[in-house]
Each structure stands twice: as C-alpha cells, then as structure tokens.
1. Go through segment A:179-193 and count every residue that is within 8 Å of chain D (Cβ to nearest Cβ), small (Gly, Ala, Ser) and within 14 Å of the chain's Cα centre (by Cα).
2. Regarding segment B:53-67, can at least one residue be identified that is within 13 Å of another protein chain (Cβ to nearest Cβ), free of Cβ contacts under 8 Å to residues at least 24 places away in the same chain, surrounded by 24 or more Cβ atoms within 10 Å (Cβ to Cβ) and within 22 Å of B:Pro186 (Cβ to Cβ)?
3. If the requirement is being among the hydrophobic types (A, V, I, L, M, F, W, C) and facing chain B (nearest Cβ under 7 Å), which of these qualifies: C:Phe170, C:Phe164?
4. Restricting to segment A:245-265, name every residue that is in contact with a Lys or Arg (Cβ under 8 Å, 6 or more places away or on another chain), surrounded by fewer than 18 Cβ atoms within 10 Å (Cβ to Cβ) and in a loop (DSSP other than H, G, I, E, B).
5. Please work out which one of (1) open to solvent by 30 Å² or more (accessible area, probe 1.4 Å); (2) aromatic (Phe, Trp, Tyr); (3) more than 15 Å from D:Asp74 (Cβ to Cβ) is the condition A:Tyr242 fails and give its number.
6. Return the pairs, sorted by first residue and then second, in which the second residue is of a type in the set (Lys, Arg) and open to solvent by 10 Å² or more (accessible area, probe 1.4 Å), the first residue lies in segment A:239-252 and is away from chain B (no Cβ under 11 Å), the beta carbons are less than 9 Å apart, and the residues are 6+ apart or on different chains.
7. At least 1 residues that are in contact with a Ser or Thr (Cβ under 9 Å, 6 or more places away or on another chain) and either modelled with pLDDT under 95 or under 30 Å from C:Ala244 (Cβ atoms) (or both) in each: list the strands (runs of 3 or more DSSP E) lying fully within segment C:122-232 that qualify.
8. Whether any residue in segment B:95-108 is of a type in the set (D, E, K, R) and either more than 25 Å from C:Glu99 (Cβ to Cβ) or part of a loop (DSSP other than H, G, I, E, B) (or both) is what I want to check.
Amino acid sequence: MTSSGKLIPLEEVPRFFRDGMSLTAGGFAHSHQPMALLRELIRSGAKNLTLMGVAECWVAEFLAAAGVLDRAYFSNFMFEGFGRCRQFSEGVEAGRIEVEDHSHFGMVCRLQASALGLPFMPMRAMAGTDIVAVPGFEPAEEKSSFIASPFGNGHVTAVSPLKPDVAIIHAARADRLGNVQLFGTTSVVEEQARAAGTVIVSAEEIVETDVIRRQPELTIIPGLMVDAVVHLPYGAHPTGVYGYYEHDADHLGAYYAASRSSGDVRDFLRCWVRDMPDHWAYLDAVGMAKLMSLRTDPALGYARREGAHA
Amino acid sequence: MAQPSKIRSLADAVALIKDGDVVAIGGHTARRHPMALMREIIRQGRKDLHVVGWNNGIDMDMLVGAGCVSTVETSYVGIGSFGLARNFRRACETDGLRVIEHSETTAMDRFRAASIGLPLFPSKTGLGTDLPSTNPHLKPFTDPFTGETWMAVEAIRPDVAIVHAHTADEQGNVQLDPERWHDNSPDVMIARSARTVIVSVEQIVSEETVMSRPIDTILPRTDVTCIVEAPYGAHPCCCDARYDYDLEHLGRYHEATASQSGFAEWLADYVTGPADHWAYLEKIGARRLMEVSMKRTTR
Amino acid sequence: MATNDYSLAELLTVCVSRELEDGGQGFIGLGTGGRAFTMAVGVPSVAAELARRHRGIDFTTQYGVTFEPDLKKTPANFADPYLLAWPSKAQVRVEECLEYFRRGKMTVGFTSGAQIDRRGNLNTVCIGSHDKPKVRLVGPIAQSDHCTYAKYTFVMMVQDPRVFVPKLDFRSALGHGDAAGDRRRLGVPGGGPRKVFTDLAIWGFDADGDMRVETLHPGATREDVVRTVGFDVVFADDLGATPAPTPEELRLIREEIDPEGLFLEARIA
Amino acid sequence: MRELDPRREISPDERMAVAAAREIHDGDVAFIGTGLPMVAAYLAKATHAPGVRLVFESGIVDPEPRELAMGVGDYKLAHGSTKIAGTAYALSLLQGGRVDIGFLGTAEIDAFGNLNSTVIGAYRKPRVRLPGSGGANDIASMAKRFVTICRMDRRRFVEKLQYLTTPGFLTGPGAREAAGLPGAGPVRVITDLAILGFDPETNRLRVEELYPGISLDAVRAQCGFDLGEAGSIGEAPVPTPGQLHLLRDVIDPEGIYIGPKRA
C-alpha cells in the first residue's frame, strides 16, 4: 500500500460513479450529509440515478434539482423547520421521479438485510398500510411479504434487501487506511456502509491511525469496508458535523427560497455546484466569517449565540 | 447574570492602544502571537510604540517594518529556520532602532515581577556581559544576607498587553486547550503585568464550556479588559495543537522583507489591503487555512 | 564495518557522549535548522542516548519544556503540534524549564553563537556596534542563561575566522570573562564553557579559562585550525587525536538510536 | 417571571402544545418528532414530567436540550443526552417495546385514526407529494400508544385517506392485531377545536373535550366524517400563566413552532 493508502483527491472520486448506478448517502436532515461528494457527483454528470435514502433531504433534493434522479427508495425527505423538498416533490408530481415509499425502519431493515447478507429482514412496522399495499416502481411481492413466524408466534413483515452500488458518507475524521470515526448521531451510516458495494468517505480531518486506535469505540466504519477517503473540511456544508460546525440556516433558507422557482434553483445550482471550480472555491464563496460562525461550542454541542447565555 | 460582556470588535479593542504606549506581546518565536491584533495596529497607524516580549519573530518584525515601533525590548527577534528578521535588521542597521537586550529569563522575570507586584526580580543572568550597557532595567546589587552580587531585573508595567488564546467566554474568562503547550505560561505573566489586557481568541464559547473545565482558565475575567474573536488569529504563526505554522506564508514574508519595497507590497496585500480580519482570512483562503489546521473538532 | 568510515557528526556524538556524567542533566534547544541543527540538537541528542546505552549512565535530557522524549517516536517534523504529541516523560511550563538552570540542576547546556573569543565568551546580538550594527542578529535568547547557570556548557560550532574572533562585538553570554577568576568575582554561579566541539577539533580550557586545542579530528592539521581561527591558537602540550568511535558505538548510533538519520543527518523538518 | 403580555391571545398552537404535554407521563419513554411535539415534550419535561426520557429518530436518547431545535437533526437536541446512537438503534427501541408514547402530525386523518403523510392524489402521479412516512409509521405501529396533533378542517378529517401511511386502528377492532402491529394504537387526537379520543367498542374517533367557546356542532362542521355520539364532554385544558410563560419566554421565545409568527 502506498503511504497515501485510500486517501484520494476529490477530482478522482468520479471514477466510482456510473450512469444508472444506485446510491445511498449518510446523514440525517441537518446533519452530516456528504454534500461536497454530492456536488462532485453532480459535476461528474452521472445520470439516471437511483437513490436509496432515509432522511438525506439535501441529497435527494439536489439530485432532483439537477435532473439526474430517476428513482428513489426512501422514507422521508423534508427540510426540517422549513418544509418539503420542492424539487424532489415536483419531480414526483410530474412523473419524472419514481418513488418507492417506506417507513424509516423499513428502509433501515432493507439495508440491514443487505449488510447482514440475509435474504430478508423481519420487522413489525408498515403492516396494514398502503406503504406495502400500493406499489411504486417495485412489484409489491419483491418489496415485502407478510409471513407467519416459523415458530408459530405471530406474523411479521419480511422486507427484501437493498444493495446500493455506492455509499457516500461524510464523517468527522478518518485515517489513510479508511478507518472512519463519527461523533454525535450516526444516522444509518453503519447499515449503509455495510450494505453498499463501494464506500466513499469524506472526512473533516485526516488523522494518524494511532488517534483512531486510542478511541476505537468511535469508529463507525473500519478500514476494511472503505474504498476511498477524501479530505474535505466543511464537506457537509450546508449541513453540520457534530463536534465541528452546525448547519448553515442562512444557506438552507436561501436554497429553500430559490427552490420555489425552477429558474432560481437552476441559478443556485449553477452558482454553488456546476460553476464552482473546486471545494476550496466553494468554501471561499461561503466565506470564512460564515464558516467560523457555525463552529460548535464544546459544552453546548451547537453554535453559541452572542448574549444567549450571558 | 450581571457580569458585563467584554467582547469588542477588533477595531475597538485596538483603539485602546495609544501612540507611544508600551505594548507587551504574547506568544513566542513563531507561536501564537496575536497577529490579528497586530495587523489591526498597523491598519490604525499606531506610532512610536515600545514593544516588549520575551521571544519574538514575525510579530515584532512586521510592526517594526510598518513603522509603528520606536523601541524593541526582547531576547530574540528571528524568523525561525528562515533566518534573521529582515525588517528588524534593516531598522537596526540603517535607522538605529533602539533595542533593549534581554536574555530569556530576564525578559520573563520583568513580567513575573510586575505580575506578582514586586519592583524587581533577582537574577544572575547578565553579570559580566554587555547586556546592562543597553538595558537600564538590569542593575547589579548586593544580596544583604550573603553579600553576593546579583542582577536586579526591574519590573515592567506595560500600558497594554495583547495575547492570543484558544477560547474565552463573553465575560472574558480566557482558556487554553487542555492539551496546551506549556510554552504558553509566560502569557499569563505578560497579561498580569499590564494595565490594559486585550485577548484575541480562536473562539468565544459558552459560559457552560468554561465552567465545565475551570482548570483550563489561564486568565479569569478580572485579569482581562476585553475579548476579540479572531479565528486563525495567530496565522501565520502556529496555535498549539489547533493549527501549524504556515511555512509557505512565512517563507513568502521572509522573501518579501528582503527589501523595503517588497515589504511595502506585502503590507498592502496582507495587512492594509484587507479591511479587517475576515478579509484577511479570505485573502489567505480556505484551502490554506484548512491545510495548516491540525485539530478542528471543538469537542 | 570499517571504523574509519564515519561522519563528523558521528565522531562528535561519540566525543560528547564520553564527556557526559552519571546523574547529569542536559538542556538541548530546538530552535535551529539545517547544519546548525545537527550540531545543536542532533549531536547532543544522540550522544545522551548513546551514553545511557553504551556506558549505562543515568542522564536526563531536556528539550525546552519536554523531558526525556522517546527518540524512537521522534516526529519527522518539529512543528509545535508534533512536538506536543512527542511521547515524553514530562512537559513543564516554560519558566519552570528555565528555572532548572537557576536552581543549579542543569549539568550541561549545549550552546552556540555567532562569535566566540578565546575566553569562551559568546555573541548572538550583533556584528558591529550595538547602536548601528553592521549585522543585527537574533538576540541573546537563552544563551546568557545557559552560560550563567549551567554547571558547564558545551559550545558547538563550526570554525571560521569571523566566528572565532579576538574581540566580540557584543558580549551577550559570559564565558570565562576577561581574566582568571572573573566568574567567581562577578558572582556568576555556573562553571562556564568546558569544551568547544568544532568541525576540526575539540577545545578545552586551562585553569585560567583560556581556550586551547586538546585533540585534532582525523585529517585535520594544526594549520587548518590556525587558518580558521581569528585569535592566536594555543595547542595543549599533550595535543592528541580525537579518539575514533568504536564499532559498537557506531552500531548503536546507526542501528538503534538514529537509524533514519533524523538527528545526525538533520532529516527533521 | 415577567408579566405576560395581556394583549397577546392564547394561540391554538399554545393550546395544543399544553394538551399534548398532558399526554406525557412522568417516567415515560417518549418518541418525539419536529414541531409541536417537540414543544410539548420540552414543556412536559419542564413541568409535570421531569423524568421523561425523550428519543429522537436521528439517534438521540434522553437529552436535556436547552434550546428549541430546528429539527431532529439539529445538534441543539443532542445537548445533555445520555446516549447518542444511530437511527437503527433509535427505531429498534420502538420495535423492542421500549417506547411508551409517540406524537404524530398528519395531512389527512380518518375516523379510525389512520394517517396520510405521503401523497395528495394518485400515488404514482400525485397532485402533491408530501415528505413520506419517515418514522411516523414506525411510531404508530410500535409505540405503546400514540397521539396525533393537527388542526381540524374538512380537508384533513376525511372519510377516506388518499394513501394510508400510518396505521391507526386500520379498519377497526381486531385489524391491528391481524396486521401484527404490537402497539395499542392511537389514544388521542389533539386539535385546535377539541380533544378527541377513540370509542373502545368501535375504535372510531369521538369528541372528548372542547375548548371554551367551541360548540360540538362547530367541531362536527370541520370534520369530513361522522363523529358519532359524544359521551360526557369535558373542558379542554386552558394554558396556565406558568405554562404560557414557559412556552413564550423559555421554550420557543422566537416563535419557531408556536406563537404569533405561526398563527
């Protein structure tokens, strides 16, 4: 192994992307979505994508806004505190995007089935509802089945495995061997990484393996499961990374306002994604003053507001 | 709570410094000097300063080059492995800049004495050397108990001390990271020796953060006049475990200072050009700042 | 391994190592790079470790605030964040670290300067007059402290007539003063310079504090020494050859203490 | 405590938050989502239920948040938590029978308390695509009991859902058991006009408490299905000055989820 190990620059990430691939992305609502990797994915031109998502609203919304999303297996996409993902929703309403609905646990269990190498995962939720009764693009019998327990102790819903081609994950820190640590909530990252064929991780910080070994309990994905690591400080912006910075509510608001019109959203994507030469230019465009203001407070875990605790 | 906020803007904080003041500078060599404050001193065109420190580099060299300084009082002015401090050298060799020479311990002792309310501190350093010939604050005296000769190091009471630290709360309780480097300890003496104490910090944190680790507080608010939030405020110096030296920038500085005109251009580019600290950081760019960053987690 | 095949740094390391005393404490500064690094940091570091391993002495090294770091885990870069993480026995506050001098705990200070005179006095302040110098240097740093308080100092420098001068332009650190007994008369506690290690020779001091050449390195001549020194050179009556490293000493240096040449080949950034 | 502004009327959201908080018992494990449930949970924890253990689907377990969060992915919510985990872990607490109560909002609700948060219109070509189930189906399926909070009007309270996202009593008595759903199902629907519950015989919604000044007829007029016979109708709780102070000055001073900005 070379000294750089699995560490690659962002420009090399597109070699993992293909038209028509299925994709899953880490994060939950305002937290740790792999936004810099996602912007690179959109810049790469990969299209006809299938998303396997839980609550990664920005990923779904940007893929929909960029016109590269064909299908989504998912449970809930919305901008918490703002409202629904408009471009994604309008894509569904216009028939451009096909969807297959789940409850959160339904998505988690399908990814878990893949992660554990099982033909199905039994679960309790979703039974009796249109989520299992009304098919989207997937035949209902391939999605789930209401089965009797072989032990004679009731019935469960069996859901089939979902195996994304690629998982993109943004984490707190990683080493060159691909050992990945994440503080705070971990969303569905563990299941996504274990289910996916290829795992690409971006991290706020690249640390020595000794640092990982000192607190192995923080490791969420061991190096043996990771294909590439990219060093991308503020790589989750405008979402946050616990222990580093919180979500950028202004940026989120600006996008949300732009998402009301297709022209504005195109401009937003051109400005912040397509015409952005690289991640560093992106950070410069956001501005150091803004980035610094998002830094979390050690004891609070989120950004301190002036006067709030005086 | 009734305690007032001590947060000030960079410009308002530096406005507390007057022409002709004795200004003590925290940090040493190329470590954690209050560079954001010093760039603002240059922007505000302060003159005739008497700058004191215990071990200095680009901080004093930049102030001297910008014409803010009439007297330098320290044990060292150099740009680390790059070599001599060229503005400082030029000012000495051609303009006759006044330099009051100290050794490291005597440079600290004068702050130490003032910080604990003593008029002088006894030392052996300097005996038999030329240091007292340039330094009126070093005078031999006789130990009344043993009759032995000692050097008296006179306490210094700077008008203003400027220090860069890791964190502070709104009220001005200043903390260093638990993994702080012990070379920071003279900053406490420097601050406590001065009448006005301006501290820039990487991040202003909640009162809760401060109170959860009171042992990390190096200066309780009673020692502090005001706080300025200046992330990367020591750049291009290093800031302990948070970020490394920006060697590329220091190298460019060293090259630029080869001539007065080169330095003038550098000043316009990096100090007087950018309107404030944020503009300076934009000028350096996110890429460079992230490259020198060693530890960004605030947990 | 041929014993005549060794570097100057290895030779000096072995010589310094043999001079270190059981129970001693040595202060090594970290503020230099390049060739000066090898002399000021590399040689003393490896010498202390060699003395411990080869001669079995108890010797404490202090690198600024850092006590007895693990040389096996020496960072490839001496920038602060790496120094901070260097596994070591202690990191003390900086004024405490210099207080080891004041308290008389420091056996040997490794020091240097831009000028040295035949009494071992040093200058790190300026060339030319102080008020309008020809060359302004960095300043006294902690050299004055080393030279005041350490039980003795080892001066590490390269010979050059501009460096070994008859009269200093500025005396920033006291060696043996102007005349015999000056240090005692001035009330200065430490013993002053004991040895000067250079690229050509090892110098010592006579009872009156005058410098004299004690051994010449292999290949160096009296003429080489005279040519590179600006004052009249005195050679010891029993002038000898600097003793060569033994195969075991070289093996320890090359295989165990400094296998990557971090210290003696100045590979630390 | 500062004087409450006497000119500021008690808003429907404030009333609903207070009613929702009442549903949380001290010591409950409560699964909480964004919006009014969050406000209600903060209020309960600050008043009668300091021992409530909150769980959020982002993976936060038993926090002590000091400031209102913008959503369950907001780090304000994680403050003081005793465990931070992943989504799978949080949801598995539901399936493991550890969660006493959950709260849900909805775009549509039917007489059996089933909910729709997925689509308006046809599923494959919807008129309005909503965010989807998220954890709603999981909570309703597996929490020991759940409470729905929503405003009342005929477009929301419908005879037939356009999509059944989240199970209430499904088709009526016995249907949840047949579907293998472990939780007991819905216990309360908190609205701006009345507080509704379920008839234990028929599993259909019925009015249980009315807010002062609201008539039973007014409630029926806003409901798209037959609310059946009301039994003895009580008075819905009116926020006390202490609760209003907490809501307005401590929990949601910026009016993110309650108050004039939302009204």
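1. Residues that pass the stated criteria total 1.
2. No, segment B:53-67 contains no residue that is within 13 Å of another protein chain (Cβ to nearest Cβ), free of Cβ contacts under 8 Å to residues at least 24 places away in the same chain, surrounded by 24 or more Cβ atoms within 10 Å (Cβ to Cβ) and within 22 Å of B:Pro186 (Cβ to Cβ).
3. C:Phe170
4. A:Arg260
5. (3)
6. Pairs that qualify, where the first residue is away from chain B (no Cβ under 11 Å) and the partner is of a type in the set (Lys, Arg) and open to solvent by 10 Å² or more (accessible area, probe 1.4 Å), are A:Asp248/A:Lys290; A:Asp250/A:Lys290; A:His251/A:Lys290.
7. Details: elements: C:126-128, C:133-136, C:152-156, C:193-197, C:201-205, C:211-216.
Filter on segment C:122-232 gives C:152-156, C:193-197, C:201-205, C:211-216.
8. Start the filter on segment B:95-108 by keeping residues that are of a type in the set (D, E, K, R), which leaves B:95, B:98, B:101, B:104.
Next, only the ones that are either more than 25 Å from C:Glu99 (Cβ to Cβ) or part of a loop (DSSP other than H, G, I, E, B) (or both) stay: B:95, B:98.
Scanning segment B:95-108, I find at least one residue that is of a type in the set (D, E, K, R) and either more than 25 Å from C:Glu99 (Cβ to Cβ) or part of a loop (DSSP other than H, G, I, E, B) (or both), so the answer is yes.
The values are calculated or read from the model by the stated rules, or taken from the named source; none is laboratory data. These numbers come from a predicted model, not from an experiment. With ideal geometry, Cβ positions are generated from the backbone for all residues, glycine too; neighbour counts draw on all protein chains shown. These area figures cover heavy atoms from the full protein model, side chains too; ligands, DNA and RNA do not enter into them. Shrake-Rupley method; radii C 1.70, N 1.55, O 1.52, S 1.80 Å.
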